[in-house]
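J.: There's a structure below that I have some questions on.
The values are calculated or read from the model by the stated rules, or taken from the named source; none is laboratory data. Small disclaimer: the values here were computed from a predicted structure and weren't measured. Here the Cβ positions follow ideal geometry from the backbone for every residue, glycine too, while neighbour counts run over all protein chains shown.
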Amino acid sequence: MEKLIIGHFYPDLLNLYGDRGNVLALLRRATLRGIEVEVKRISIGDDVSNGDIDIGFIGGGQDSEQNIMADDMKNVKGEVIKQMIEDGVVFLTVCGGYQMLGQYYEEHGGNRIECLGALPHYTKGEKERFINDCIYEIELNGQKIKVAGFENHSGRTFLGEGEKPFMRVIRGHGNNGQDGTEGAVYKNTYGTYSHGSLLPKNPAITDMLLELALKRKYGEDYVLSELSTEVEDLARKQVLDYIEGGIRAAQ
Ligand code: GLN
């Protein structure tokens, strides 16, 4: 029986808008396929070594929480997380977690948080927050898919050399409200500004991450078994209808 270990970093500090739902979606779509999943909580004071996990998840947080975990992430777990990313461990990081993988985050008030520096992007806070239901487009297996999301951030993130955008913004602001990019991809590490229900509502992305992790662990020939997306598709359609047409679901 295949097994995946998910490392949920700083779950007590970085968990805005139910970001943990992404971990639950990975767990659900893996276990429905008969894949065993263990979720490890890894926060300040917890040890982690390269090789311990197959998928890492870091959620979003407020500036104050990012200030609390920044030292642990950079100076305690930093080298291990960087090694994991370089070795192709699959990571999904959201908003604050995504910002923290970059070079620095300069808050609107001027306070500068030195980030991990695993990815080349940097982030500058502005007074106006970007708060929106969003629609993005992603290309997976040659197919363009509409992704439903939600953003709430003051940070504007600018990508650096060697990383690519994760998605394209159709509606919302994405990385910075200027260049139409949303999130970042470097090796098997993904960053996004889209909170909470990214994976629960977008099963194609959940499956893409699971398949990447399983291929890495069990060989490139590993094929993820088919699994219905009917329920998740209904949830996504409801949100897309609402965003695109202002149509609310019947109560
Ligand atoms: N504190 C960061 C910002 O406002 C991240 C917020 C978040 O994770 N939603 O840009």
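J.: Just checking, how many residues over the stretch 191-242 are charged (D, E, K, R), closer than 27 Å to G162 by Cβ and surrounded by 20 or more Cβ atoms within 10 Å (Cβ to Cβ)?
T.: Residues that pass the stated criteria total 1.
J.: So which residues in the stretch 110-133 are of a type in the set (F, W, Y) and within 12 Å of the ligand (Cβ to nearest atom), if there are any at all?
T.: Hit for the stretch 110-133 is F130, nothing else.
J.: Looking at the stretch 37-48, can you tell me whether even one residue there is touching a residue at least 12 places away in the same chain (Cβ under 8 Å), small (G, A, S), within 19 Å of P120 (Cα to Cα) and away from the ligand (no atom under 11 Å from the Cβ)?
T.: No, the stretch 37-48 contains no residue that is touching a residue at least 12 places away in the same chain (Cβ under 8 Å), small (G, A, S), within 19 Å of P120 (Cα to Cα) and away from the ligand (no atom under 11 Å from the Cβ).
J.: Among the β-branched types (V, I, T), out of contact with any Leu (no Cβ under 8 Å at 6 or more places or on another chain) and within 16 Å of the ligand (Cβ to nearest atom): is that true of I145 in this structure?
T.: Considered against the rule, which asks whether it is among the β-branched types (V, I, T), out of contact with any Leu (no Cβ under 8 Å at 6 or more places or on another chain) and within 16 Å of the ligand (Cβ to nearest atom), I145 comes out as no.
J.: Taking the criterion of being out of contact with any helix residue (DSSP H, G or I) (no Cβ under 7 Å at 6 or more places or on another chain) and part of a loop (DSSP other than H, G, I, E, B), would at least one residue in the stretch 134-144 satisfy it?
T.: Checked the stretch 134-144: at least one residue is out of contact with any helix residue (DSSP H, G or I) (no Cβ under 7 Å at 6 or more places or on another chain) and part of a loop (DSSP other than H, G, I, E, B).
J.: If you don't mind, another one. Condition check: of a type in the set (G, A, S) and more than 12 Å from the ligand (Cβ to nearest atom). Does G162 satisfy that?
T.: Values: of a type in the set (G, A, S): yes; more than 12 Å from the ligand (Cβ to nearest atom): yes.
Against the criterion (of a type in the set (G, A, S) and more than 12 Å from the ligand (Cβ to nearest atom)), G162 qualifies.
J.: Considering only the stretch 212-251, state which residues are on the phi > 0 side of the Ramachandran plot and either of a type in the set (S, T, Y) or at pLDDT below 95 (or both).
T.: Residue satisfying the conditions is G246 alone.
J.: Could you look through the stretch 61-109, keep only residues that are closer than 12 Å to L14 by Cβ and small (G, A, S), and pick out the one that is nearest to the ligand (Cβ to nearest atom)?
T.: Among those residues, the one meeting the criterion is G96.
J.: Regarding the stretch 132-149, can at least one residue be identified that is touching a residue at least 40 places away in the same chain (Cβ under 8 Å), closer than 25 Å to I68 by Cα and not β-branched (V, I, T)?
T.: Within the stretch 132-149, not a single residue is touching a residue at least 40 places away in the same chain (Cβ under 8 Å), closer than 25 Å to I68 by Cα and not β-branched (V, I, T).
J.: Answer yes or no: is there a residue in the stretch 178-200 that is in contact (Cβ under 8 Å) with a residue 12 or more places away in the chain, charged (D, E, K, R), in contact with a helix residue (DSSP H, G or I) (Cβ under 8 Å, 6 or more places away or on another chain) and in a strand (DSSP E or B).
T.: No, that holds for no residue.
J.: Something else now. Please go through (1) outside any loop (DSSP other than H, G, I, E, B); (2) among the polar types (S, T, N, Q); (3) without any contact (Cβ under 8 Å) to a residue 24 or more places away in the chain for S228 and return the number of the only condition it doesn't satisfy.
T.: Checking S228 against (1) outside any loop (DSSP other than H, G, I, E, B); (2) among the polar types (S, T, N, Q); (3) without any contact (Cβ under 8 Å) to a residue 24 or more places away in the chain, the one that fails is (1).
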